[in-house]
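Below is one structure, written out as structure tokens; comments come after it.
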Amino acid sequence: MTANLTKQTDFDAIIIGGGACGLMCAVQAGFLGKRTLVIEKNEKVGAKILISGGGRCNYTNLYTSAQQFISTNEHFSKSTLSQWTVEDTISFFETYGITGKEKTLGQLFPESDNARDVVKVFTSLCLDLGQEIWTGAEVKEIEQAEGGFVVSVERDGRTESLVAPKVVIASGGLPIPKMGATDFGLRMARHFGLRISETAPALVPLTITGKDQPWYEQLSGNSIFCRVWNDRISFEENILFTHWGLSGPAILQISSYWRPGEYIYIDLLPNHNIGELIKQEREANGKKMLLAYLANLFTRKFAEALSDKLPVDKNLASLSKTEIESIGQLIHEFKVKPAGDKGYDKAEVMRGGVATDELSSKTLEVKKIPGMYYGGECVDVTGWLGGYNFQWAWASGFVIAQNL
Ligand SMILES: Cc1cc2nc3c(=O)[nH]c(=O)nc-3n(C[C@H](O)[C@H](O)[C@H](O)COP(=O)(O)OP(=O)(O)OC[C@H]3O[C@@H](n4cnc5c(N)ncnc54)[C@H](O)[C@@H]3O)c2cc1C
């Protein structure tokens, strides 16, 4: 490693992180005639954009409102989301050749189904607008100094200290360390004495261990449309059984609201009343076995798995009132106590982050450090599954750019 060089730069701002927030910030700053340098640790920018939505990038959600974001301050995201709306995201991408198609529940994907197109919009625009991008460069420290901030960057075995008047921390959250995720944003928050709202993996599969685990394992690969809830929230989407527990969209959604030690509840047949259905069926077909009946409603495999919990070898006519009630209880209020979650290796986002009361909700500037901004996943604003996290990342990048 050679000696540290300190260099006064002519950038208006240095943006740390070439992800969704940092790239949007650079482009929007460019539109306003401001020069920025994006510093990205990976060899390429936009790593998470590329893998998002199974490589197709669910880049926004038509139903975005502050309600789909978890934060200690539920109002914090409102200003940012109103300054850069879903319509702004849609027309921005349309202007640069990406038409959106809605898949389900308002989720918008590029018509091409290719996340690369999304990244290309930013790399081309950065080039056109003269915004500089350094890849394979990791920011190690930031210090306040005369004229702004000194940003220490390690690149090609050298450490350089760059001085710029403003700095944007858009270095993302902790999920998927093997894709470049670092704790840089949180570490800098601690360094500058900023409060952090407790962080945890979110949009993450939940694990089942102990005596219940084999029951889930036998159903591995089975997917069921359910309502999953706890005392905070409820989601209606599919759940997926796996050999280690539960995944699928409804589980990922509830995971953001689940705390270790708590139960979650699953209605395996939402919007129906199984007790009533059984009563109707047995009038016409009393000899039908409960197993066959459940196999019709669910899959044969799932019905068989219920055999240790329900009298599946009885026919419908012979079921007692109490038995029908307990079938209803099990099907509509299936109780699960997850052992834990799959952690940051499998989480789509980080819950918590830099505390919102440390930031101006209008500009995302750190209140006590003028010229320093936090955006994207670093901040204690966590979206639901379905394109909301990108909407927050684009919007926060835009808002910061207006204030550089
Ligand atoms: C598997 C998966 C699928 C997802 N799918 C979707 C989806 O379809 N829709 C959706 O809305 N959200 C999705 N998300 C969430 C979404 O990717 C994130 O919320 C979003 O990328 C956050 O944007 P960001 O700019 O804050 O952080 P990131 O996009 O993570 O960017 C931060 C960048 O900073 C870089 N960095 C970190 N530390 C340093 C440092 N010290 N120096 C230099 N660079 C640094 C990182 O390498 C990274 O490139 C998905 C996430 C995952 C993991």
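Helix-only arithmetic for the chain: the sum of -39500 (n - 2.57) across DSSP H runs with n ≥ 4, divided by the residue total, places the mean residue ellipticity at 222 nm at -9000 deg cm²/dmol. Comparing mean-square fluctuations of Ile331, Ile251, Ile196 from a GNM of the chain with C-alpha springs under 10 Å, the top value falls on Ile331. Comparing Asp357, Asp231, Asp341 in a Gaussian network model of the chain where C-alpha atoms under 10 Å apart are linked, the largest mean-square fluctuation is found at Asp231. The figure for Glu325 is an accessible area of roughly 110 square angstrom, using a 1.4 Å probe on the protein chains alone.
Per 0.36 nm of contour for each residue apart, how much would the distance between Gln218 and Arg259 grow if the chain were fully extended, relative to their Cα-Cα spacing? Walk me through the numbers on the way to the answer.
Details: separation 41, 0.36 × 41 = 14.76 nm, distance 2.59 nm.
Roughly 12.2 nm would be gained on extension.
Shape class of region 106-145 from the Cα gyration tensor (axes a ≥ b ≥ c, square roots of the eigenvalues): prolate, since a/c reaches 1.5 or more and a/b is larger than b/c. Note that region 147-158 has calculated 3J(HN,Hα) couplings of x, x, 9, 9, 10, 8, 10, 9, 8, 6, x, 10 Hz, one per residue in order, obtained from phi through the Karplus relation 6.51 cos²θ - 1.76 cosθ + 1.60 (θ = phi - 60°); glycine and proline are x.
Express in % the proportion of alpha carbon pairs of region 205-342 at distances exceeding 21 Å.
Tail of the P(r) past 21 Å holds 41 percent of the pairs.
The distance between label points at Glu141 and Ser234 comes to 5.4 nm (points 7 Å beyond Cα on the Cα→Cβ vector). Taking one equal scatterer on every alpha-carbon of the chain, how large is log10 of I(q)/I(0) by Debye at q = 0.07, 0.12, 0.15 1/Å? Here the Debye-derived log intensity ratios amount to -0.39, -0.91, -1.26.
Looking at the square roots a ≥ b ≥ c of the eigenvalues of the Cα gyration tensor of region 35-119, which shape do they give, rounded for a/c under 1.5, prolate if a/b is larger than b/c, or oblate? Judged from the Cα gyration tensor, region 35-119 comes out oblate (a/c at least 1.5, b/c at or above a/b). With 19 Å as the limit on Cα-Cα distance, the pairs of Lys288/Lys314; Lys287/Lys321; Lys301/Lys321 that go past it are Lys301/Lys321. Put a dot 7 Å past the Cα of Ile51, heading toward its Cβ, do the same for Thr209, and the two dots end up 2.4 nm apart.
Taking a ≥ b ≥ c as the square roots of the eigenvalues of the Cα gyration tensor of region 91-233, is the shape rounded (a/c under 1.5), prolate (a/b larger than b/c) or oblate? Oblate, because a/c is 1.5 or more while a/b does not exceed b/c. Seen against the Cα atoms of the chain and their longest principal axis, helix 86-95 is set at about 60 degrees. Just the number, please: carbon plus sulfur as a percent of the accessible area of the chain, 1.4 Å probe, no ligands or DNA/RNA counted. Carbon with sulfur: 49 percent of the solvent-accessible area.
Rolling a 1.4 angstrom probe over the protein heavy atoms, how many square angstrom per residue are accessible across the chain? Walk me through the intermediate numbers first.
Values: 17160 Å² over 404 residues.
Each residue of the chain exposes 42 Å² on average to a 1.4 Å probe.
Between Lys368 and Arg187, what is the label-point separation in nm under the 7 Å Cα-to-beta-carbon projection? For the pair Arg187/Lys368, the computed spacing is 2.2 nm.
Once all protein chains are placed together, Tyr263 keeps about 90 Å² accessible to a 1.4 angstrom probe.
The values are calculated or read from the model by the stated rules, or taken from the named source; none is laboratory data. Quick caveat: nothing in here was measured; it's all calculated off a predicted structure. Virtual Cβ from ideal backbone geometry, glycine too; neighbours counted across all protein chains shown. Note: accessible area is taken over every heavy atom of the protein model, side chains too, but ligands, DNA and RNA are not part of it. Shrake-Rupley method; radii C 1.70, N 1.55, O 1.52, S 1.80 Å.
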